[in-house]
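Peer 1: For reference, the structure I am asking about is given below.
Readers should treat all values here as calculations from the given coordinates under stated rules, not as data from a laboratory. Since we're looking at a predicted model, the values are computed, not measured. Methodologically, a virtual Cβ is constructed for each residue, glycine included, from the backbone with ideal geometry; neighbour enumeration extends over all protein chains shown.
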Amino acid sequence: MNEGKNETNGRTAEETVVSRTTLFVQHAIVNLCRLVVAVTFIVSGFVKAIDPLGTQYKIEDYAAAVGIMQPAGSLATLGLSVALSAVEFSLGVLLLFAIHRRVVSRITAVFMAIMTIITLWLWIAEPVKDCGCFGDAIHISNAQTLMKNIVLLASAVIVAWRPLQMVRFISRSNQWIVINYTVLFIVGVSIYCLYMLPLFDFRPYHIGADIKKGMEMPPGEKGPEFETTFIMEKDGERREFSLDNYPDSTWTFIDSKTVQVSEGYVPPIHDFSVVMQPDGVDVTEDLLANKDYTFLLVSPQLEKADDSNFGDIDRIYEYATGNGMNFIGLTASSDEAISRWRDITGAEYDFGITDGTTLKTMIRSNPGLFLLKEGRVIGKWSHNDLPDPASQEFKALIKNGIDNGNFDTAKKVVKVVIWFVIPLFLLTLADRLWAWSSIVRNTRKKNKLYKLLKKKKMRKKIVAGNWKMNLNLQEGVALAKELNEALTAEKPNCDVIICTPFIHLASVAQAIDQNVLALGAENCADKEKGAYTGEVSAEMVKSTGAQYVIIGHSERRSYYAETPEILKEKVLLALKNGLKVIFCIGESLEEREANKQNEVVKAELEGSVFNLSEEDFRKIIIAYEPIWAIGTGKTATSDQAEEIHAYIRSIIAEKYGKAVAEDTSILYGGSCKASNAPELFAKPDIDGGLIGGAALKAADFRGIIDAWK
Ligand code: 13P
């Protein structure tokens, strides 16, 4: 035995403290990264979702840059816009709540990897100036986007590397509520904003904005500078000239190119102008200086404009003309499109031409209505939500010349909080209270006095894995580490044991904390020591740090001819060396068909363990494993299993008394899986499982352990 080592897991106390500290630091880093990624995803998903058309325009910019030409405003790009924001927002929320931690963290890492590659391309090739990560809310340069994405990718990879260290805010049983609510909410927000207008308007034409001010150049600022080069030819010689050294007329002009030489300051509004049709008069200045109200019916593409609400538009037009106000249609479309619109809607108002991108920036509705006074934006409406000139609200707006309150940002923030944050907060609170009260209940149950009073059963709940002859050393150690980490991150409600091949024991003992995950062997010799080539004694097993040993497995009984006498010796030697024994019993198919199962299990107990003193018998865990169910996919039904478990307990009671029987853990084994474990474990005499095939993958095994929750 190693001096100074902890007997159970072979580590010194110092090593244990170091590994706990490492684990704590890992926890802190993983959770910090998870918060950074979650919050960024939630913000960027939300600002995209509130402006589906803006996100669609950005996607179309990208598509154009890579030469995938989608017709502008196509359904495919709009669908992609809604889906992208929904995925981003939902991933953020799921990460925040630590829901489906493994899969969500992996998807997030893959998502970030793709985004980082795209932004690397953006940075190198500059196909678009603004990546659009945060819609119009925050504009960052391509270099900044790349930096941001590298940080996010690194954080996402750290989270995906140790997903189970993310602290959960909500129990697994209630996760589905968060998932469905989040997806419904964010898709709902997108649809609402598509039908109405973006919930929050981050563009320079928001309500209250002064367009004239937005066009001003702050004193001392310089605009961007451009340089034009002229390619000229004379006598077969081609040369480049600038405006400064433009040659005489003996040179012939061939071509010219203009490049931007300095960024300069670009005012937020730099391309607002209105040229009336058909006379071509520029009315921009008059329009912005007009002290009366001007209604602008804005339609970037008149040929695609929704004409279903033309009645409401006409009503407002009549109201405007009747009250001495201006009403102008603004579009980037052709004269034919304007006359088609007039034909369809009977529109009598004049049209002015404005740049299409400007119009799309002004309002996310085609058509949308704008109300201006002295260049200030007084109101904005989607064609689906046009104001009623007769309403009190509208009259108040016209009277006061200020926002009527519908667009009050604070009110909208409150709406989002009421519709999303509060419901999820209340759900989390209820969930945590419920979890806390069940902890209190469990603690009370564990209290000895309580147990004495209630005479509750004291036996342990156990899930033990029997790896059999599977997994090489490296695979075995990796699985043990994975389980150890998962169980450390989230404590199970039962004892968990893994029984491994002999050669794994020493290495696995070093890799796990046996306070969390205990270790056992699958067998031991029936001899104490000596010339027994190939055998491994109980003492050797114990010296690896293992605490348990499986004895009497049906595979050993049948393939290696282990008789009740041999098993009796093994049990004695295991106990002598301080090992706890998982003793297996169970009938074959023929015996079950002959209804001899009770007889068989009784004989097996009598043959190998009923010779023990009461004190020693208390160190035995019984595993009932019907041979016909082992590795066959056939499970005993929970009623069948309960019946025979109750019988086994009754014969233990006959032999050692009721108290011992009540304290003995009896496990079920044979095709036990996460799907059937809850039903089996719900039976009063089934205290857990001895698991074969499903113990070979951490997730499967964890699923069975979680059946005790
Ligand atoms: P399976 O879970 O693969 O049926 O094996 C049961 C068993 O033999 C455990 O010892």
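Peer 1: Does region 245-286 classify as rounded, prolate or oblate by the C-alpha gyration tensor (a ≥ b ≥ c root eigenvalues; a/c under 1.5 gives rounded; else a/b over b/c gives prolate, otherwise oblate)?
Peer 2: oblate
Peer 1: For the chain, what does the relative contact order come out to in percent, with C-alpha contacts under 8 Å and a separation of six or more?
Peer 2: That works out to 10 percent.
Peer 1: Same structure again: Compare the peptides 637-645, 418-426, 665-673 by average per-residue count of other Cβ atoms within 10 angstrom and give them in order, highest first.
Peer 2: Those peptides, ordered most packed to least, come out 665-673, 637-645, 418-426.
Peer 1: A further question on this structure: What FRET efficiency, computed as 1/(1 + (r/R0)^6) with R0 = 22 Å and r the Cβ-Cβ distance, is obtained for residue 260 and residue 64, rounded to the nearest 0.05?
Peer 2: Approximately 0.65, to the nearest 0.05.
Peer 1: Extension gain residue 28-residue 221, at 0.36 nm per residue separation less the Cα-Cα distance, in nm?
Peer 2: Full extension from residue 28 to residue 221 adds 64.9 nm.
Peer 1: To the nearest 10 degrees, how steeply does helix 502-511 sit against the main Cα axis of the chain, on a 0 to 90 scale?
Peer 2: Helix 502-511 sits roughly 50 degrees off the main axis of the chain.
Peer 1: Now for a separate question. I need to check one value: relative contact order of region 510-591, counting alpha carbon pairs closer than 8 Å and at least 6 residues apart, in percent.
Peer 2: 33 percent
Peer 1: Still on this structure, I have one more. Can you give me the distance in nm between label points at residue 154 and residue 76, each placed 7 Å from the Cα along the Cα-to-Cβ direction?
Peer 2: My value for the distance between the label points is 3.8 nm.
Peer 1: Here's something else I'd like to know. Along the charge dipole of the chain, which of 77, 326, 534 sits closest to the positive end, that is, farthest toward it, with unit charges on the beta carbon of Lys, Arg, Asp and Glu (+1, +1, -1, -1)?
Peer 2: Towards the positive end, the residue furthest out is 534.
Peer 1: How far apart, in nanometres, would the label points at residue 174 and residue 21 be if each is projected 7 angstrom from Cα along the Cα-to-Cβ direction?
Peer 2: 3.7 nm
Peer 1: Here's another thing I want to ask about it. What does the extension gain come out to for residue 615 and residue 709, with contour length at 0.36 nm per residue minus their alpha carbon separation?
Peer 2: 30.8 nm
Peer 1: Still on this model: Treating only the Cβ atoms of Lys and Arg (+1) and Asp and Glu (-1) as charged, compute the dipole magnitude of the chain about its Cα centre; round to the nearest 20 debye.
Peer 2: Here the chain has a charge dipole of around 4460 debye.
Peer 1: A follow-up question, please. Where does helix 75-97 land angle-wise versus the long Cα axis of the chain, in degrees 0 to 90, nearest 10?
Peer 2: That helix lies at roughly 40 degrees to the long axis.
Peer 1: For residue 100 and residue 515 in one chain, what is 0.36 nm times their gap in residues minus the Cα-Cα distance, to one decimal in nm?
Peer 2: 146.8 nm
Peer 1: Please compute the contact order of region 613-709 in relative form: average sequence separation of alpha-carbon pairs under 8 Å and at least six residues apart, divided by the residue count, as a percent.
Peer 2: Relative contact order here is 31 percent.
Peer 1: For 555, 227, which order do you get if you count the other beta carbons within 10 Å of each Cβ and list the fewest first?
Peer 2: Ascending number of Cβ neighbours within 10 Å: 227, 555.
Peer 1: Which one of 339, 560, 414 has its Cα pushed farthest toward the positive end of the charge dipole of the chain, where Lys and Arg give +1 and Asp and Glu give -1 at the Cβ?
Peer 2: Of 339, 560, 414, it is 560.
Peer 1: Which order do 117, 630 fall in if you start with the one that has the fewest other Cβ atoms within 10 Å?
Peer 2: With the sparsest Cβ surroundings first, the list reads 117, 630.
Peer 1: Expressed as an acute angle from 0 to 90° and rounded to the nearest 10, what is the orientation of the C-alpha long axis of helix 422-446 relative to the principal long axis of the chain?
Peer 2: Approximately 10 degrees, to the nearest 10.
Peer 1: Each residue of region 675-682 in turn: what ³J(HN,Hα) in whole Hz from Karplus with 6.51, -1.76, 1.60 and θ = phi - 60°, glycine and Pro shown as x?
Peer 2: After applying 6.51 cos²θ - 1.76 cosθ + 1.60, I find 6, 9, 4, x, 5, 5, 5, 6 Hz.
Peer 1: Amide H neighbours of residue 582 under 5 Å, at least 5 residues apart or on other chains, H built in the peptide plane: list them.
Peer 2: 549, 550, 551, 621
Peer 1: Give the percent of DSSP beta bridges with both residues in the chain that are antiparallel, rounded to the nearest 5.
Peer 2: 45 percent
Peer 1: Continuing with this model, one more query. Would you mind computing, in nm to one decimal, how far apart the modelled labels at residue 606 and residue 528 are, each placed 7 Å from Cα along Cα→Cβ?
Peer 2: Here the answer is 3.0 nm between the modelled labels.
Peer 1: Then there is this: Within the set of other residues whose C-beta is less than 15 Å from the C-beta of residue 628, count the net charge using Lys and Arg as +1 and Asp and Glu as -1.
Peer 2: -2
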